[in-house]
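One structure below.
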Amino acid sequence: MIRRSALQNEFLINSGVAELLATEAETAKQPLQKALRRASRKAFLWPEEAAELIQQGRSLEEFAGVGPYLYKIIRRWIEDTRAVPQPPEIRNDFLTIPQARSTLAKKRSWLSALKGDLQMHTQWSDGSGSIQEMAESAAARGYEYIAITDHSKGLKIAGGIDEEQLRQQAAEIEAVNDACKAAGQSIQILRSIELNLDPRGDGDMDAGSLKQLDIVLGCFHSALRRKDDQTERYLAALRNPAIQILGHPRGRIYNYRIGLQANWLRVFDLAAELDKAVEIDAYPDRQDLNVGLLRLAGKAGCRISLGTDSHGPSQLAFIELGIAAALLAGVKKDRILNFMRREELLEWAKSVPRD
């Protein structure tokens with residue numbers, strides 16, 4: 001029999017299990033430490049609450065990252081209703097799939113009305129899927145468009161592409177678009193890139209090549225452990241005429257990096273003034289912007305972009321985490337780019353000054 005927690009007045013939910021796993025890992029030795037940390041991350045993607053599986057007499061080994069040993073540990077926590085400590089900032093405010101789906105169940109129209117996904121990677125940089133495979137997965141979800149945002153050349157560790165490769169990629173995108181049209185599919189692949197921004201807000205690609213793209217996503221990938229105020233870095237990035245979307249703004253990663261600090265009201269106010277978008281990166285380890293910052297962005301009235309940061313076709317499903325975060329934060333539907341029809345989205349992108 002599973003009892004209810006006196007502290008939470010509910011079953012131990014997956015986010016609590018994740019925190020207990022991460023806490024346990026802090027004092028564990030290898031290889032157990034690695035297994036605990038991996039399971040802690042995976043817990044956010046478990047499709048059902050672990051407590052409900054145990055209630056049904058099922059094994060937690062159905063879940064990714066859980067073997068016989070961890071199953072015994074987690075089951076004991078759930079049955080004994082072990083108290084969950086408040087997560088430190090590096091692990092705080094991340095949604096689980098069951099939480100996201102519970103939120104989406106109250107607004108089913110949001111998921112069905114979504115027109116596309118505005119961040120993903122392919123074999124051109126560090127993704128595992130081809131452009132064709134990503135398009136097929138998106139078409140199966142009923143999308144009108146996707147943006148292929150492979151990394152730019154400065155991020156060599158992620159296989160960043162240069163201007164010539166970007167031109168070659170354009171030819172492949174055109175061919176896949178033609179093939180989709182011939183097959184009667186309405187999906188269209190947009191030319192984009194995840195432009196690597198330095199701490200001054202400058203990109204690493206020729207401005208002329210960027211002007212050929214439909215949308216440019218700008219992201220910071222360096223000096224992400226700075227503890228001082230980074231507001232000016234963000235303001236400079238938003239003023240960079242090459243970008244229309246500021247991607248995974250804070251740069252946080254679950255149990256790895258807290259991310260940067262800034263006067264976010266100033267950042268979001270400038271984004272609204274310039275009619276640029278800030279992103280909800282729905283990758284489970286990122287979830288950036290998180291719900292708290294999204295509330296501030298919503299109050300500022302700036303546009304929001306949803307991207308899964310997918311590195312393979314199956315990861316397009318991560319979009320649930322992004323939509324749920326927007327709903328929980330009270331973001332207005334008409335401020336989210338992904339609800340725009342393709343022509344409307346492209347018209348907006350062109351209207352954002354690029355000079």
Next on the checklist: Could you go through the stretch 204-218 and let me know if any residue there is within 26 Å of PRO87 (Cα to Cα) and buried (at least 17 other Cβ atoms within 10 Å of the Cβ).
Outcome noted: no
Checklist entry - Which numbered condition trips up GLN169, out of (1) touching a Phe, Trp or Tyr at 6+ places or on another chain (Cβ under 7 Å); (2) in a strand (DSSP E or B)? => result (2)
Item to check | Scan of the stretch 189-229 for residues that are outside any loop (DSSP other than H, G, I, E, B), closer than 19 Å to LYS276 by Cβ and more than 21 Å from the chain's Cα centre (by Cα), ordered by number | outcome: ALA207, LEU210
Item to check | Qualifying positions in the stretch 320-332 - of a type outside the set (Val, Ile, Thr) and under 14 Å from the mean Cα position of the chain (by Cα) | outcome: GLU320, LEU321, GLY322, ALA324, ALA325, ALA326
Item to check | Per-region count, the stretch 59-89, residues under 17 Å from ALA39 (Cβ atoms) and either of a type in the set (Phe, Trp, Tyr) or without any contact (Cβ under 8 Å) to a residue 12 or more places away in the chain (or both) | outcome: 9
Next on the checklist: Of the conditions (1) at pLDDT below 95; (2) in a loop (DSSP other than H, G, I, E, B); (3) open to solvent by 70 Å² or more (accessible area, probe 1.4 Å), ILE157 satisfies every one except a single condition; which number is it?
Outcome noted: (2)
Item to check | The listed residue being open to solvent by 10 Å² or more (accessible area, probe 1.4 Å), farther than 26 Å from ASP206 by Cβ and under 11 Å from the mean Cα position of the chain (by Cα), out of ALA317, ALA300 | outcome: ALA317
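Table: residues versus (1) surrounded by 19 or more Cβ atoms within 10 Å (Cβ to Cβ); (2) farther than 22 Å from LEU346 by Cβ; (3) of a type outside the set (A, V, I, L, M, F, W, C).
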{"site": "ARG233", "(1), (2), (3)": "yes, yes, yes"}
{"site": "LEU238", "(1), (2), (3)": "yes, no, no"}
{"site": "ILE245", "(1), (2), (3)": "yes, no, no"}
{"site": "TYR254", "(1), (2), (3)": "yes, yes, yes"}
{"site": "ILE258", "(1), (2), (3)": "no, yes, no"}
{"site": "GLN261", "(1), (2), (3)": "no, yes, yes"}
{"site": "TRP264", "(1), (2), (3)": "yes, yes, no"}
{"site": "ASP275", "(1), (2), (3)": "no, no, yes"}
Item to check | the stretch 43-58 - residue that is touching a residue at least 24 places away in the same chain (Cβ under 8 Å) and open to solvent by 20 Å² or more (accessible area, probe 1.4 Å) and, of those, farthest from ALA100 (Cα to Cα) | outcome: GLN55
Checklist entry - When the stretch 65-101 is examined, which residues are found to be loosely packed, with under 13 Cβ neighbours inside 10 Å and of a type in the set (Gly, Ala, Ser)? => result GLY67
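The values are calculated or read from the model by the stated rules, or taken from the named source; none is laboratory data. Only a predicted model underlies this, so the values are computations on that prediction, with no experimental measurement involved. All Cβ positions, glycine included, derive from the backbone under ideal geometry; neighbour counts span all protein chains shown. Heavy atoms of the whole protein, side chains included, go into the accessibility calculation; ligands, DNA and RNA do not. Shrake-Rupley method; radii C 1.70, N 1.55, O 1.52, S 1.80 Å.
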